[in-house]
1. Being of a type in the set (Lys, Arg) and more than 16 Å from Ser46 (Cβ to Cβ) is the filter here, so list the residues in segment 1-34 that pass it.
2. Tell me which of these Pro96 doesn't satisfy, since it passes every other one: (1) in contact with a His (Cβ under 8 Å, 6 or more places away or on another chain); (2) at pLDDT below 75; (3) within 26 Å of Gly224 (Cα to Cα).
3. Hey, could you check segment 31-48 for residues that are closer than 19 Å to Lys2 by Cα and at pLDDT 90 or above and say which is surrounded by the most Cβ atoms within 10 Å (Cβ to Cβ)?
4. Looking at segment 181-191, is at least one residue assigned to a helix (DSSP H, G or I), at pLDDT below 85 and among the hydrophobic types (A, V, I, L, M, F, W, C)?
5. All but one of (1) modelled with pLDDT of 90 or more; (2) touching a Phe, Trp or Tyr at 6+ places or on another chain (Cβ under 8 Å) hold for Asp54, so report the exception by its number.
6. From (1) modelled with pLDDT of 90 or more; (2) closer than 22 Å to Gln223 by Cβ; (3) open to solvent by less than 60 Å² (accessible area, probe 1.4 Å), pick out the condition that doesn't hold for His70.
7. Yes or no: Glu146 part of a loop (DSSP other than H, G, I, E, B) and either under 25 Å from Ser212 (Cβ atoms) or at pLDDT below 95 (or both)?
8. Any residue in segment 47-74 that is within 28 Å of Asp183 (Cβ to Cβ) and small (Gly, Ala, Ser) sitting within a Cβ distance under 9 Å of a residue that is at pLDDT below 90 and buried (at least 19 other Cβ atoms within 10 Å of the Cβ)? List the pairs, counting only those 6 or more apart or interchain.
Amino acid sequence: MKPIAPGTVIFHRFRGYGVITSVNLLTGWVAARFGSEKRTLDLNLSTDEVQHADGEPILFRRAPPDRMPHARLMGMVRELHRAGYQRLYLYSWPKPSGLHWRWHLFCGRRSWMERARREGWYGSGADYIFNPVMGWNDQPGATIPELASALAQFDPHGLAQALGRDEDHSNWFAKVCDALLPDYAFSLGWSEGPMPESLPVIPVRQNVPEYSGPPLPWPPGWQGMWRDTSLAMPSARLNKLFLPSGAGAGDD
């Protein structure tokens, strides 16, 4: 879906061509001026059948967005794995407050502790709508292929580093996606104590029951990083160790 803003040329079946003068995406209303009319007309994007100048419908998404983008990111990573970019990885873990969850996409070498940081490839549930790559703010209804295309167009050099085979991880990731999507996502962090035997699962929207499916394994190579699971670090310490420099350090 194309973005809209003041100055966007639109078409209405009763008024003809016009220009948007103001937009309120919280309510789904826009104001537009048609022809030589001096007064603006308020239009509802859900009911007034407003179109772009080329005839593409402008639709307003009534359903609230996901509380966190992790499930959509999982879908995007699985899509890119299928296209041959198997060296693309998603790391997600909770903030110390437990109110939001951080995420970090990285590619190339599968190193959970020394992840490459690229602008726009990381964020949190608190500020995902401002991400410059995925377009969460102006494309809340973007499909999984559209998100993958947005990442490829924004940083083709970075995505090129994900081209290659890592079948152990991609097979594990596909099985986790089949078990969790679209209502749940995985976490590579936990609150306290030793590392859980199975992968922690989180809901990505409200009013979703707790996950009751089969236990899921940790990603390949993850458990091997901890020789003694009783010494495994809780999420607060993982957060300090794995947080990319400057990525939301003060928004817990």
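1. Lys2, Arg15, Arg33
2. (1)
3. Taking the candidates together, the pick is Ala32.
4. no
5. Every condition holds for Asp54 apart from (2).
6. It fails just one condition, (1).
7. no
8. Ala71/Val204
The values are calculated or read from the model by the stated rules, or taken from the named source; none is laboratory data. Only a predicted model underlies this, so the values are computations on that prediction, with no experimental measurement involved. A quick note on method: Cβ atoms are made from the backbone with ideal geometry, for glycine too, and the neighbour counts reach across all protein chains shown. Note: accessible area is taken over every heavy atom of the protein model, side chains too, but ligands, DNA and RNA are not part of it. Shrake-Rupley method; radii C 1.70, N 1.55, O 1.52, S 1.80 Å.
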